[in-house]
Each structure stands twice: as C-alpha cells, then as structure tokens.
Amino acid sequence: MLGVLSGFFVVWAIIGTGWFVARKQLLGEGAQVVLSRLSFFVASPALLLDTLSNADLRTVFSSHLLVITVSSALVGIVSFGAFRFIRRRELPEALIASMSSSIANSGNLGIPIAVFVLGSASYVAPLLIFQLALLTPSYLLILDGTTSTAKPGAARALQFVLPVVTNPNIVGSAIGLVLAGTGWKLPDLIMQPIHLIGGAAIPAILMAFGISLHGSRPLRADDGRRFDTLLASVLKLVVHPLIAFAFARFALGLGGHALFAAVVTTGLPTAQNVYVAAQRYQHGLVVAKDTVLITTVLAVPAMAIMAALLS
C-alpha cells in the first residue's frame, strides 16, 4: 500500500510542478502543446518499445485484456442507453457521451500510472491496443453512419485504418511486441538512445497535464450539460472499474496484483481523443470537454481509494 501511495505522490508532484510552471508562465503559452507532442510522437512510443521488448507476452495478452474488452463494452452499452433513452439526447451526442464514459486515457496518464503504481508500462499496452485498434474505430464508424461526414468506398476504409497503423504508440508497441515474441535484441547502440528518450515520456506527459489544469473551469451552468457531464464522469471513474472488478474477481477468479491492475487501468480518465471526435462531428462538445477535465482531475484520488479498498 505504501508503494502505491508513493507512486501517486510522485504523479501529483509532477502534475503540481506543471501547474506552477503555467501559473508563473515560465515556458510560455505553447508549452503544453510542445510537451504533449513530444510525449505522443517521440517519447511514449520509445518507452512502450523499450518496455514491451522485454515483457512477457503471456502477461500482456492475458485475462487482463479480456477484462478490458468486456468491461469497456458493457459500460459503453449502459452509457449509450442512459444518454439516448433516458436523457433523450440525439444519436451522435449519445455516442460521444458513451465514448466519454468508456474510452480511457491509455497514453497520457495510463503510461505514468502503469509505471509508478502498477510497476510496468506493459499493463497499459492491452488497453491501448484494444482502444486504438477496435473500440475507437467502432464508435467512429457508427458516428460516420449517423452524420454527414462519411466518405465513400476505399476512402472510408482508409479513414479508420490509417489512424490505427500510423499512431506512434501503436507502432512503438507493435515493434516491442515483435521483439518480445521473436526474442530478437536490438544492439545497445540503438536501444540506449531509445531508453533515454523514453525516459522523457512520463515527466512530459504529467507536466503537460499540470499546465492544462491552470485556468480550467468546467461545469458551467449555461452550457446545459452539467448533469450529463457528471453522469459520464461517474460512469467512467466508478461504474467502469466496478464492472471490471466484478468480472475479474467473480468470472475469472483474479486476485492480488492482477485484480488491482485490471481495476486501475479501467479507472483511468476519459481520453482526450474523445473531445477530438466531438469536434470532428460537432456533437457532444461540452460533455466531451468537461468529462475529460473532471475525470482527469479526479482519477488519481479515485485510484488511491481503489488501492486502499483492494489492499
């Protein structure tokens, strides 16, 4: 338990540093964008490649992946039903709200949480791969079918395939998994720079997040979506981990660290790319934006409570 709390303290210390940097305007207005892009395009792929190349594939593709798949599908269905048939939202907005409730931030916060709290970035790899390769494209496919943005024929297929195969985190993960599966070892002359670059991922991610918190004001009454935002946040931070816990514990018989890892990874906050999707389809913008912010702020203390309950 002490080790878990120490991991959370480190995460919040770096986030707090980012907030302080923003408050004092030490890095200028573009700091968050630069740090986020550095992490996404360069450092995080290097970290995933480095970590997964030495991982046990039986751990990566284990019951943990099944827990993620089942819990994400169930919370997605429940949340869609709630927003579509109870809250009476239009179909595209209900889909965006469902994405806000089920798609987790597997990269920006998932990687540092996995490293500091769970002990290895390999725990977040199944979530990252499942979401980018299957869950997110499925949502976008349905959204395309319900809006005017659908493209014809091959262009439509490329619209979903290209973001997956060109995502830097997917590429880094894929190379790492190939190396782990084949037993190949890259020369130290190549791996050492990759290792050093990967070391920049976590501080860059958390600093960027801390910077983003400065001046943020969600849940404005005049937006008219306060209840929807709170509902999506509860579904993401409470219902999703509870479904994962129930399935992992009672259906698969998991316990100990494996159970804790399954619950924590499903309790990660809403991914920023949900807001990107909302902007693209011009539906659910308020719920997506505010849910990303609220769940990101509350996720770490929520995970600390999970750790206390499961210890």
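Summary table
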| read-out | value |
| --- | --- |
| For the stretch 66-123 and the stretch 219-275, distance of Cα centres in Å | 6 Å |
| Potential lengthening between residue 73 and residue 142 on full extension [0.36 nm per residue; Cα-Cα distance subtracted] | 23.4 nm |
| Residue 104 long-range amide H proximity, modeled H, under 5 Å | 271 |
| Length released on extending from residue 234 to residue 9, taking residue separation times 0.36 nm less the Cα-Cα span | 78.7 nm |
| Anisotropy class of the stretch 189-311 from Cα gyration tensor, a/c 1.5 cut | oblate |
| Dimensionless Rg/Rh of the stretch 1-131 - Kirkwood Rh, Rg from C-alpha atoms | 1.04 |
| Label selected from (i) 88, 51, 30; (ii) 56, 47, 43; (iii) 50, 46, 38, the criterion being Cα extents along the principal axes in Å as computed here | (ii) |
| For residue 123, solvent-accessible area (1.4 Å; no DNA, RNA or ligand), Å² | 50 Å² |
| Rounded to the nearest 20 debye, dipole of the chain from Cβ charges on Lys, Arg, Asp, Glu | 500 debye |
| Sequence ranges 27-40, 288-301, 234-247, 258-271, ranked by mean other-Cβ count within 10 angstrom, highest first | 258-271, 288-301, 234-247, 27-40 |
| In Å², nearest 10: area of residue 229 left accessible to a 1.4 Å probe | 0 Å² |
| The chain: relative contact order in percent, alpha carbon pairs under 8 Å with at least 6 residues between | 35 percent |
| Probe 1.4 Å, accessible area per residue of the chain, Å² | 46 Å² |
| Local electrostatic count, residue 54, Cβ distance below 14 Å [Lys/Arg +1, Asp/Glu -1] | -1 |
| Of 230, 187, 267, farthest towards positive along the dipole that unit charges on Lys, Arg, Asp, Glu beta carbons give the stretch 185-268 | 230 |
| Carbon/sulfur fraction of accessible area - the chain, other protein chains in place, 1.4 Å, % | 68 percent |
| J(HN,Hα) series, the stretch 224-239, from Karplus relation 6.51 cos²θ - 1.76 cosθ + 1.60, nearest Hz, glycine and proline x | x, 10, 4, 5, 4, 5, 5, 5, 4, 5, 5, 4, 6, 8, 10, 5 |
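The values are calculated or read from the model by the stated rules, or taken from the named source; none is laboratory data. Not measured: the values here are computed from a predicted model. A quick note on method: Cβ atoms are made from the backbone with ideal geometry, for glycine too, and the neighbour counts reach across all protein chains shown. The area values use the complete protein model at the heavy-atom level, side chains included, leaving out ligands, DNA and RNA. Shrake-Rupley method; radii C 1.70, N 1.55, O 1.52, S 1.80 Å.
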